[in-house]
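Student: I have a structure I would like to understand better, so I am pasting it below and will then ask my questions one at a time.
The values are calculated or read from the model by the stated rules, or taken from the named source; none is laboratory data. All values reported here derive from a predicted model rather than from experimental measurement. Cβ placement follows ideal geometry from the backbone for every residue including glycine, while neighbour counts extend to all protein chains displayed.
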Amino acid sequence: MIESWLYPAERGLYCAAGDFYIDPHSPVDRAVVTHGHADHARPGHDHVLATPETTRIMQVRLGEAAAGRFQSLSYGESLRIGAAEVSLAPAGHVIGSAQVVITHGGERAVVSGDYKRRVDPTCTPFEVVPCDVFVTEATFGLPVFRHEPDHSEIARLLASLEHVSERSHLIGVYGLGKCQRLIALLRQAGYDKPIWLHGALVAMCDLYGELGIALGDLRQVSDADGALAGEIVLCPPSALNDRWSRRMAEPLVVLASGWMRVRARARQRGVELPLVISDHADWPELIATITETQAEEVWVTHGREEALVHQLELMGRRGRALALVGREDEPD
Ligand SMILES: [Zn+2]
Ligand SMILES: [Zn+2]
């Protein structure tokens, strides 16, 4: 019975077989961290096990003192922790993101953290690991959530740049993952002009460069002479409507997020060009992934739990909502 050695505890999902937590929301002795996003990678743990990339991200975001001690484990390597065998498999979410594969007593659980299935030029693709219990997110766990193909969203952006060339295209992106993926997708589409960055996005783009992801000519907005008419400018979503954006030439506000499928959210934020580009699985990807893992039981950590648990019943699998503390609507 996996629930006798893996279960939600006060500080997060706890593996009793190895005495460690996965993505705990407050400080613990021993944490395994799936990826560098703030709601998963919290500071203050004594010991953190993560991929080498996630370790670097935590050090850049939180400082060298992000944890007492880091231990890196590359994809595919395995490690004995207490009575558990632990390995990390690619999750395809952001660079270094991992599913935690835990085997104990002849049973296997896979804790996927956040993941997506479509090709992302900035990270290793998701790997299906067959298991007995699959622990999944459900950020976009409603049938209405179907993300568009990336290339068609990028084509809409490039068409707008061409037709509305007197305006700056100011794009709100999450700083870890979405920012670099959007740049890489633009480069793949042949866009080779400089791309302008808000200062808050620079350190993570530099780190991606260090980790071998080429992003082309990137420049800081603070170094620009003019008002960047007809240029692409990336900033955190919070900067879209603040004073900072006033220096731009009639900024055309763009937001790249899975939430842009919800028109009301786009309108609410004053977004003129919503791009549905997400780092989370959409509904068809969630269902396909669950089927491919062959897991008989699926635990849902956060997002639209009820709809997915209901769907699992229809698929003849046991579903369970974990209701973990500290996970709200994912930024995406
Ligand atoms: Zn994430
Ligand atoms: Zn998350």
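Student: Can you pull out every residue in segment 238-274 that is in contact (Cβ under 8 Å) with a residue 60 or more places away in the chain, more than 22 Å from the chain's Cα centre (by Cα) and over 20 Å from I154 (Cα atoms)?
Tutor: S245, M248, A249, E250
Student: Also: So which of P52, P8, P43 ends up being under 21 Å from T124 (Cβ atoms) and away from ligand 1 (no atom under 16 Å from the Cβ)? First the steps, then the outcome.
Tutor: Values: P8 fails: under 21 Å from T124 (Cβ atoms); P43 fails: under 21 Å from T124 (Cβ atoms).
Just one listed residue meets the conditions, P52.
Student: Residues to consider are S245, S278; find the one that is at pLDDT 95 or above and surrounded by 16 or more Cβ atoms within 10 Å (Cβ to Cβ). Walk me through how you get there before you give the answer.
Tutor: Numbers: S245 fails: at pLDDT 95 or above.
Of the residues listed, the single one that is at pLDDT 95 or above and surrounded by 16 or more Cβ atoms within 10 Å (Cβ to Cβ) is S278.
Matching residues to (1) part of a loop (DSSP other than H, G, I, E, B); (2) more than 16 Å from ligand 1 (Cβ to nearest atom); (3) modelled with pLDDT of 95 or more; (4) within 18 Å of T293 (Cα to Cα):
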position: L88; (1), (2), (3), (4): no, no, yes, yes
position: G96; (1), (2), (3), (4): yes, no, yes, no
position: T103; (1), (2), (3), (4): no, yes, yes, yes
position: T122; (1), (2), (3), (4): yes, no, yes, no
position: P130; (1), (2), (3), (4): yes, yes, yes, yes
position: T136; (1), (2), (3), (4): no, no, yes, yes
position: L142; (1), (2), (3), (4): yes, yes, no, no
position: A155; (1), (2), (3), (4): no, yes, yes, no
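Student: Assess whether H151 counts as being within 23 Å of the chain's Cα centre (by Cα), crowded, with 17+ Cβ neighbours inside 10 Å and not aliphatic (A, V, I, L, M).
Tutor: Numbers: within 23 Å of the chain's Cα centre (by Cα): yes; crowded, with 17+ Cβ neighbours inside 10 Å: no; not aliphatic (A, V, I, L, M): yes.
No: the conditions fail for H151.
Student: Still on this model: Take G113 and decide whether it is at positive phi, small (G, A, S) and in contact (Cβ under 8 Å) with a residue 24 or more places away in the chain.
Tutor: Here the answer is yes, as G113 does meet what is asked.
Student: For segment 65-75, check the following and say yes or no: at least one residue is within 16 Å of ligand 1 (Cβ to nearest atom) and not hydrophobic (A, V, I, L, M, F, W, C).
Tutor: no
Student: Moving on to the next point. In this structure, does A281 turn out to be within 16 Å of ligand 1 (Cβ to nearest atom) and either without any contact (Cβ under 8 Å) to a residue 24 or more places away in the chain or out of contact with any strand residue (DSSP E or B) (no Cβ under 6 Å at 6 or more places or on another chain) (or both)?
Tutor: For A281, the condition - within 16 Å of ligand 1 (Cβ to nearest atom) and either without any contact (Cβ under 8 Å) to a residue 24 or more places away in the chain or out of contact with any strand residue (DSSP E or B) (no Cβ under 6 Å at 6 or more places or on another chain) (or both) - is met.
Student: Would you pick out the residues in segment 1-47 that are touching a Gly at 6+ places or on another chain (Cβ under 7 Å) and assigned to a loop (DSSP other than H, G, I, E, B)?
Tutor: A17, G18, D19, D23, P24, H25, P27, T34, H35, G36, D39, H40
Student: Residues to consider are I195, I171; find the one that is buried (at least 16 other Cβ atoms within 10 Å of the Cβ), more than 30 Å from M1 (Cβ to Cβ) and in contact with a helix residue (DSSP H, G or I) (Cβ under 6 Å, 6 or more places away or on another chain).
Tutor: Details: I171 fails: in contact with a helix residue (DSSP H, G or I) (Cβ under 6 Å, 6 or more places away or on another chain).
From the options I195, I171, the qualifying one is I195.
Student: Among what's in segment 105-117 and is touching a helix residue (DSSP H, G or I) at 6+ places or on another chain (Cβ under 7 Å) and under 20 Å from L185 (Cβ atoms), pick the residue that is nearest to ligand 1 (Cβ to nearest atom).
Tutor: The selected residue is K116.
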